[in-house]
Structures are given as C-alpha cells and as structure tokens.
Amino acid sequence: MKPIFADRAAIDRAADLLKQGRLVAFPTETVYGLGADASNPEAVQRIFAAKGRPSDHPLIVHIADAVAMADWAAVIPDAARQLALHFWPGPLALVLKKKTWVPLAVTGGQDTVALRVPNHPVALRLLQAFGGGIAAPSANRFCRISPTQAVHVEDELGDTVDMILDGGACQVGVESTIVDLSGAQPRLLRPGQISRTAIEAVLQTDLLVPQAAGQSILRAPGMMAVHYAPVTTALLCAAGQVQGQIQSLTADGKRIGVLAYHAHIAENAQIRVIRMPEQADEYAQALYASLRELDRLQLDSILVEQPPDTEAWRAINDRLGKATVGLT
Ligand code: TXA
Ligand code: MG
C-alpha cells in the first residue's frame, strides 16, 4: 500500500474506511498509528492480525478532545482532568477505568482503557471526520521499531493495511508517556517526551515508577525484555568504550553500524556511522529512522553509543534499553 498525501479528501476517505471496519495508518506527533474503529471488535482484531501481536496486549484509544473521555471512562478522576488540561492534545496516554460497553478486544481483556488526544493536524482531522475513538498501536510488526514516516509503515505492513495517510515525519519520534490513573496512586507506565517531573508538577504528587520503566538501561543479555528492536543485533555501549568495541566487533572483516553521540568515528568499508543530534528532542525525533537505516544495510551488528542519562533522556534510554543488548 503506497502512502497517500493526507489532504482533506484523503482524510475523509480514511474516515469512511474506518467506519467500514477497515485499517488506516495515520501520523501522530509521536509515531505512526495503525488505526481501527475502537467500538468495533472485528476491526480491532484486524489490528492484531496485521501486527502479529498477541491479542491480550491493550491498545490506546485516540479521541478528538478531552470531552470525549467521558464516552470511554467510567470514572474521571480529578488528576485525569488536570493532566488533560495541561497536556492534551499531546504525547500523553491516560489509563482509566473503562465503561462497560468498551470492547475487551481493545483493552486486552482488562477493565481499564488507555486514552490519548494526539497533537497532529492529520490525526485530529481524522478523529473529527470519523466521529468516534480510534484504537491505534504503533504501525509496526510486533516487537519491531515504531514507524516515524509513512514509508516505514509501507515497509512494515505492506498490503495488510487499507490506507496509509502520509503526514510527514513525526515530530516527537518516541511513543507517548503513559500514566495509569485507575488505581489508588498514579503510576508511570511508560516514559515519553512529557516527563515524570512535568506530570508530578501538575498533580502535586509523586508518581509510582515501576522498575521496568527504564530505570536501569544496562541489563545483562538474555534478561532483556526485547521490544522495539531492529533485526540486526544492536549493542548498547558506554561512551568511553566505543573505540574498543568497534575494534573487537570489526574483527574478521565484520561490518557494523554505529549510532554515535560523543565519539568521532571515521567511516570506512566496514563501518557505517550515523552521528546523532546533541539535543534530546532532536535525538528522539531521529532515533527510529536512524536505527531503520542501519538495519536495512544488513550489517553484522549495530553499536549504539549511550547518550546522557539525565531526565530529558529518560524516554530515549528506555527505548534504547529495549532495542539493544547491554554490554557490561
Ligand atoms: O505514542 C503512542 O502512544 C503511539 C501512537 C500511535 O499514539 N501508540 C502506541 O501504541 O505506542 P502501542 O500499542 O504500541 O503501545 C501502547 C501501550 C502498550 O505498552 C500497552 O501495554 C499500553 O499502551 N496500554 C494500553 N492500554 C492499557 C491499559 N488499559 N492498561 C495498561 N497499559 C495499557
Ligand atoms: Mg508499539
């Protein structure tokens, strides 16, 4: 399926496809989503089939505005209203107790539903034209890197999707922050561009942060929960150790790719280098496309130089941790 420029006519056609229970890939500010009518369990099943994803994984429901939260959530705590006011439209998904009618196919069998108002003109226009909630995971095959350009969706999903709306490259580049507000205390389920500190400042309370949410990025190989991974083995390496790693990885004529941050590395027939931006926001924007570019070259391995580990880099380090095997 070739991507189609997302003008008004294309978006209206996409909305019609969604009403018919078909799949439409569309841009958001974070990554491209693979959308289906969230109120139609058969349409939602198509998402799982297209992605090759187990059907007990819950999906985020995209809605047009904060007012629509009440269509999906049984209870809207004050914290949800405050976060919606501050950050929607934007890269934040809120997990709330679901209304009874919300299909279990969307929530992976759970009694909660994740909601998000995306901050992208094409996504918002599509939501308005469609008039309901759009369930959409990232538009990649299960366990692969999320797409940040329409052409990535084409590469990932081919003709299993009925339409791909092209709205350019995604601005944020990593998936939304997820906050669970369905329990007694708010919990950070996934770090994203909207930081823990920014959320805590709005809520005036601390977030519970499960250990799995990217606390420690250097974990032993084999103990990794591998998600978002390129096909080529990717290795995460501390800043000072890049040159040494390159030497051992390029032994026996092996070819490698390097996602460099601090280090200045000369390219040659065996070494392909992508220099990453210095700023966290720009790094995040470029990350998945850069990994994809190296992945396409069918190298023996990809070496990722660890960027800084401050809060601004939390989401990036979380995704790098999941895309790579740690070198300790
Ligand atoms: O930025 C994003 O959120 C992108 C764009 C397309 O909006 N979507 C995205 O969807 O990243 P996906 O399916 O790749 O990731 C959704 C995450 C999963 O980790 C899932 O476990 C979590 O949201 N999630 C969804 N519903 C949930 C629920 N009811 N309870 C807990 N986690 C939930
Ligand atoms: Mg995903």
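Only protein heavy atoms count here; under a 1.4 Å probe, LYS99 has an accessible surface of about 70 Å². To the nearest 10, the accessible area of MET163 is 10 Å² with a 1.4 Å probe. Subtracting the Cα-Cα distance of ALA49 and ASP281 from 0.36 nm times their residue separation leaves 80.2 nm of extension gain. Remark: accessible surface ordering of ARG116, ARG314, ARG255 (largest first) is ARG255, ARG314, ARG116, probe radius 1.4 Å.
About the centre of its Cα atoms, the range 234-326 shows a dipole size close to 280 debye [charges on the beta carbon of Lys, Arg (+1) and Asp, Glu (-1) only; nearest 20 debye].
Roughly how far apart, in whole Å, are the Cα centres of the range 1-30 and the range 36-101? Value for the Cα centre distance between the two parts: 19 Å. For the range 318-325, putting each phi into the Karplus relation 6.51 cos²θ - 1.76 cosθ + 1.60 with θ = phi - 60° gives couplings of 4, 6, 5, x, 7, 8, 10, 9 Hz, in residue order, rounded to whole numbers and with x for Gly and Pro.
Amide H contacts for GLY168 (H built 1.01 Å from N in the peptide plane; partners 5 or more residues away or on another chain; cut-off under 5 Å): ALA150. Using 0.36 nm per residue and subtracting the Cα-Cα separation, the extra length available between ASN268 and GLN82 on full extension is 61.7 nm. Coupling constants for the range 85-94 follow from the phi torsions by the Karplus curve (6.51 cos²θ - 1.76 cosθ + 1.60, θ = phi - 60°), and in residue order they are 4, 7, 10, 9, x, x, x, 9, 10, 10 Hz; glycine and proline get x.
Regarding the range 1-77, what's the average projected area of the Cα-atom convex hull, expressed in nm²? Projected over every direction and averaged, the Cα hull of the range 1-77 covers 6.5 nm². Put simply, the amide H of ARG190, placed in the peptide plane, has neighbours under 5 Å in ILE178, leaving out anything fewer than 5 places away on its chain. One quarter of the convex hull surface built on the alpha carbon atoms of the chain amounts to 16.1 nm², the projected area averaged over directions.
Extension gain for ASP252-GLN20 works out to 78.0 nm (0.36 nm per residue, less the C-alpha to C-alpha distance).
Remark: the chain carries a charge dipole of roughly 440 debye about the Cα centre, counting +1 on each Lys and Arg Cβ and -1 on each Asp and Glu Cβ. Applying 1/(1 + (r/R0)^6) with r as the Cβ-Cβ distance of TRP101 and ASP7 and R0 = 35 angstrom yields a FRET efficiency of 0.55.
Legend: residues CYS170, CYS143, sorted from most to least accessible area (1.4 Å probe; ligands, DNA and RNA excluded), read CYS143, CYS170. The orientation-averaged projection of the convex hull spanning the C-alpha atoms of the range 52-169 amounts to 7.5 square nanometres. Excluding ligands, DNA and RNA, what is the solvent-accessible area per residue of the range 4-214 at a probe of 1.4 Å, expressed in Å²? I get 39 Å² per residue for the range 4-214.
Distance between Cα centroids, the range 282-314 to the range 116-163: provide it in whole Å. Taking the Cα centre of each part, the range 282-314 and the range 116-163 sit 22 Å apart. Rg/Rh for the range 146-204 (Cα atoms only, Rh after Kirkwood) is 1.15.
Annotation: Cα Rg of the range 284-328 relative to the compact-globule expectation 2.2 N^0.38 Å equals 1.19. Largest accessible area first, the residues THR250, THR160, THR100 order themselves as THR100, THR160, THR250 under a 1.4 Å probe with ligands, DNA and RNA left out. Excluding ligands, DNA and RNA, the accessible surface per residue across the range 227-328 is 45 Å² with a 1.4 Å probe. In the context of the full protein assembly, SER248 retains an accessible surface of approximately 80 Å², using a probe radius of 1.4 Å and ignoring ligands and nucleic acids. Backbone N atoms of the range 182-210 closer than 16 Å to the 7 Å Cα→Cβ label point of VAL75 belong to residues 182-187.
Within the accessible area of the range 17-124, the carbon and sulfur atoms contribute 55%, probe 1.4 Å, all protein chains present.
Neighbours of PRO137 by Cβ distance under 9 Å: Lys/Arg scored +1, Asp/Glu scored -1, total +2. Please compare each pair in LYS51/LYS98; LYS19/LYS99; LYS19/LYS51; LYS19/LYS322; LYS2/LYS51 to a cut-off of 29 Å on the Cα-Cα distance and tell me which ones are over it. As for pairs spanning more than 29 Å Cα to Cα, those are LYS19/LYS322. Across all C-alpha atoms in the range 91-136, the radius of gyration and Dmax reach 11.6, 31 Å.
The values are calculated or read from the model by the stated rules, or taken from the named source; none is laboratory data. Every value quoted in this text rests on a predicted model; they were computed, and no experiment measured them. Here Cβ is always computed from backbone atoms with ideal geometry, including for glycine, and neighbour counts include all displayed protein chains. For the accessible areas, the whole protein counts, side chains as well, though only heavy atoms, and no ligand, DNA or RNA atoms are used. Shrake-Rupley method; radii C 1.70, N 1.55, O 1.52, S 1.80 Å.
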